[in-house]
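A quick write-up on the structure given underneath.
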Amino acid sequence: MSFNDIVGQETAKQMLQNALRREAVSHAYLFSGPSGAGQIQTAFTFAQALFCTEITDDACGRCLECRKLEHGNHPDLTKIEPDGASIKIDQIRELQRIFSYRSENRNPKVYIIDRADKMTTQAANSLLKFLEEPQAPAVAILIAENGQALLPTIQSRTQNVPFRALDPGMMEQVLVSEGYPAALVRCAVHLSSGLDDCRKILNENWFAEIRNVVLQLGKESLNRTGSAIITASQKVFKSELSDHLDILFSLFHLWFKDMIHVQYGRKESLVFIDQAEYISGHASARSTAQWVSYMDLAAECQKKLRYNVNGQLCVEQLLMGLGGNTPA
Ligand SMILES: [Zn+2]
């Protein structure tokens with residue numbers, strides 16, 4: 001791992017690398033900002049750079065310390081995350097127990113608390129005492145989407161390191177380089193706000209399936225609403241896809257938007273990149289106003305779903321609304 005491998009987040013990288021260079025590392029950091037923007041990777045890289053015996057402001061990847069960390073068994077690094085819905089006081093006590101032993105070499109001990117805003121009040125108070133009186137030299141890295149949700153007394157004892165949401169283009173570049181299929185990646189980055197969320201859906205079999213179903217329904221509904229409803233009842237409501245209807249509506253929204261992109265000659269903006277030919281051939285089957293009304297309809301049906309209206313009714317409402325052909 002190296003700071004060079006982290007996409008974007010120039011402010012965060014600069015703050016941390018400057019601290020390493022000047023040997024002015026704080027006792028506690030708060031990585032704030034939308035989740036999945038590279039916070040975990042940055043936290044591990046920072047810890048590795050602290051331990052690395054070869055380079056001051058980055059990790060060499062070759063020394064013993066670097067290798068121990070990359071193999072996931074560095075004794076001076078601990079990461080905790082919510083156990084169920086919250087981070088509990090026992091987890092913080094366990095952390096304090098581990099940290100009561102001094103490191104065998106000159107390293108500070110590093111602990112990462114992922115989703116620190118999920119600490120219970122007792123856990124947060126216990127952590128606060130620990131931040132105030134560490135038994136051994138320690139560096140805390142708290143990761144929280146909403147840093148403001150932490151106790152003000154914790155916020156004031158941590159140095160804020162801001163993370164920004166990555167734009168879809170940046171995320172796409174990273175995910176394709178990791179080997180995910182480009183067509184799926186292009187959709188995923190428009191559905192998720194961070195890399196972690198994207199990877200999560202890209203690793204699910206249902207994601208490629210639901211995308212295929214949306215393509216099929218989108219194409220069928222151009223001509224035959226009735227057959228699209230039958231397809232939906234067979235392919236969506238008799239399968240696990242019915243658990244992911246929220247994404248189905250989002251994909252429909254993107255599909256209609258693609259039609260408009262083509263109408264305006266913005267082919268480079270297409271989300272369904274493997275369907276460019278089909279979309280080019282069919283974008284004129286409806287007027288722009290009509291595609292826009294379909295996008296609104298998809299959003300409306302998605303909203304109903306979120307208000308717990310029966311999922312099949314929501315999908316059928318959408319498909320029925322796609323009938324009524326008035327060519328552009
Ligand atoms: Zn090293």
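Computed values, structure above
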item: Anchor residue 219: aspartates and glutamates whose Cα lies under 19 Å away (excluding residues fewer than 8 positions away in-chain); result: 209, 258, 274, 277, 296, 316
item: Partners for residue 79 among lysines (Cα-Cα distance below 30 Å; same-chain residues under 8 apart left out); result: 13, 68, 88, 109, 118, 129, 200
item: Point-to-point label distance, residue 299-residue 227, nm (Cα→Cβ direction, 7 Å offset); result: 3.1
item: Helix-derived mean residue ellipticity, 222 nm - over the chain, DSSP H n ≥ 4, -39500 (n - 2.57), to 500; result: -15500 deg cm²/dmol
item: Surrounding net charge for residue 142, when Lys and Arg each add one and Asp and Glu each subtract one, Cβ distance under 14 Å; result: 0
item: Highest average packing first - 297-305, 32-40, Cβ atoms within 10 Å; result: 32-40, 297-305
item: With 5 Å bins from 0: P(r) over the stretch 8-143, alpha-carbon pairs, percent; result: 2, 10, 20, 23, 21, 15, 7, 2, 0
item: Accessible surface, the stretch 222-328, averaged per residue in Å² (probe 1.4 Å); result: 50
item: Residue 10/residue 183 FRET efficiency (R0 35 Å; Cβ-Cβ; nearest 0.05); result: 0.70
item: Cα pair count fraction exceeding 29 Å, expressed as % - the chain; result: 50
item: Cleavage-rule hits, GluC sites (Glu not before Pro), the stretch 36-88, DSSP coil, Cβ neighbours within 10 Å at most 16; result: 54
item: In the stretch 86-166, the GluC sites (Glu not before Pro) that fall in loop regions by DSSP, at most 14 other Cβ within 10 Å; result: 104
item: Residue-by-residue Karplus 3J(HN,Hα) for the stretch 259-276, coefficients 6.51, -1.76, 1.60, Hz, glycine and proline x; result: 4, 5, 3, 5, 4, 9, x, 9, 4, 5, 8, 4, 8, 8, 5, 7, 10, 3
item: Where labels lie 7 Å past Cα in the beta-carbon direction, separation of residue 73 and residue 268 in nm; result: 5.0
item: Most mobile listed residue (236, 309, 25) in the chain, GNM with C-alpha springs under 10 Å; result: 309
item: Options 280, 321, 17, ranked by Cα towards positive dipole end of the chain, top entry (Cβ charges); result: 321
item: Beta bridge orientation in the chain: antiparallel %, DSSP, nearest 5; result: 5
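The values are calculated or read from the model by the stated rules, or taken from the named source; none is laboratory data. Being a predicted model, the structure only gives us computed values, none of them experimental. In this analysis, Cβ positions are derived from the backbone assuming ideal geometry, glycine residues included, and neighbour counts consider all displayed protein chains. Only protein heavy atoms, including side chains, enter the accessible area calculation; ligands, DNA and RNA are left aside. Shrake-Rupley method; radii C 1.70, N 1.55, O 1.52, S 1.80 Å.
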